[in-house]
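The next block holds one structure in the form of structure tokens; read it before the comments.
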């Protein structure tokens, strides 16, 4: 009996001890769980706040990008508008006499084309004889042509399209045609106003030639060059039907030559020799506004009669 009572007392004491032993741990465990739940909730709230901030940041970035695109678009429109305004301002377009398009797209001249015409070569300062019927130190309209030009236009010693040793004062791209609107006495020919197509385009003074400085387009084997009339010839000086019409040249000398061209035009058109019958060209009067930019526009002759 005592033994049973002792066992009961021991068991009871053990149970009481066990109760007091595990009770604080249970409370501590509950506190840990509560703390864990609070931290988890705080983490969830922090995460939610962070996601909201990121979402707001992305929205701001998108808005900023949209604004930048709008600004860029507005700036582009402003630039285009300004460019358009600049393009329309006077003086900002290419001059009318500058060619910015292929040759085929240029305005066609209303003057007739003279085809397959023999051309010989002459030059400022060329003496009479040796193929020249005249002293080319003078011209039909300038008694001091060589001086006005700036020197002897040596056909053999060249620096590009210029003679060696000096830069010409007048165009090196010159030529002649067999019509002079003045007679040997220095008077205007009676037929000049009737035969020269542009004679009535302006009022001319008595010391202005209808022919001098007129522009001509020349073509040979696909090459196109331009020059100014600065003399009359070869050999003929009143060949109206050929110069202003459709007839062949009246001249029968020098392979029936219908014009002379300068050394610069000779080189520009790739002539062979000086008086070669194979040097044939197509030529046509053109308005100055139809002359494209090129070496023939580096020096333009504007001087008139000098007797």
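The values are calculated or read from the model by the stated rules, or taken from the named source; none is laboratory data. These figures come from a predicted structure and were not determined experimentally. Every residue, glycine among them, receives a Cβ derived from its backbone with ideal geometry; neighbour counts consider all protein chains shown.
Worth a mention:
- Note on region 112-138: among residues that are at positive phi, in a loop (DSSP other than H, G, I, E, B) and at pLDDT below 95, the one that is farthest from the chain's Cα centre (by Cα) is 130.
- Here region 266-280 is the region considered, the condition is being closer than 16 Å to residue 234 by Cα and in contact with a helix residue (DSSP H, G or I) (Cβ under 9 Å, 6 or more places away or on another chain), and the residue that is surrounded by the fewest Cβ atoms within 10 Å (Cβ to Cβ) is 274.
- Flag if residue 237 is in contact (Cβ under 8 Å) with a residue 60 or more places away in the chain and out of contact with any helix residue (DSSP H, G or I) (no Cβ under 9 Å at 6 or more places or on another chain): yes
- Residue in region 139-147 that is out of contact with any strand residue (DSSP E or B) (no Cβ under 9 Å at 6 or more places or on another chain) and part of a loop (DSSP other than H, G, I, E, B) present: no
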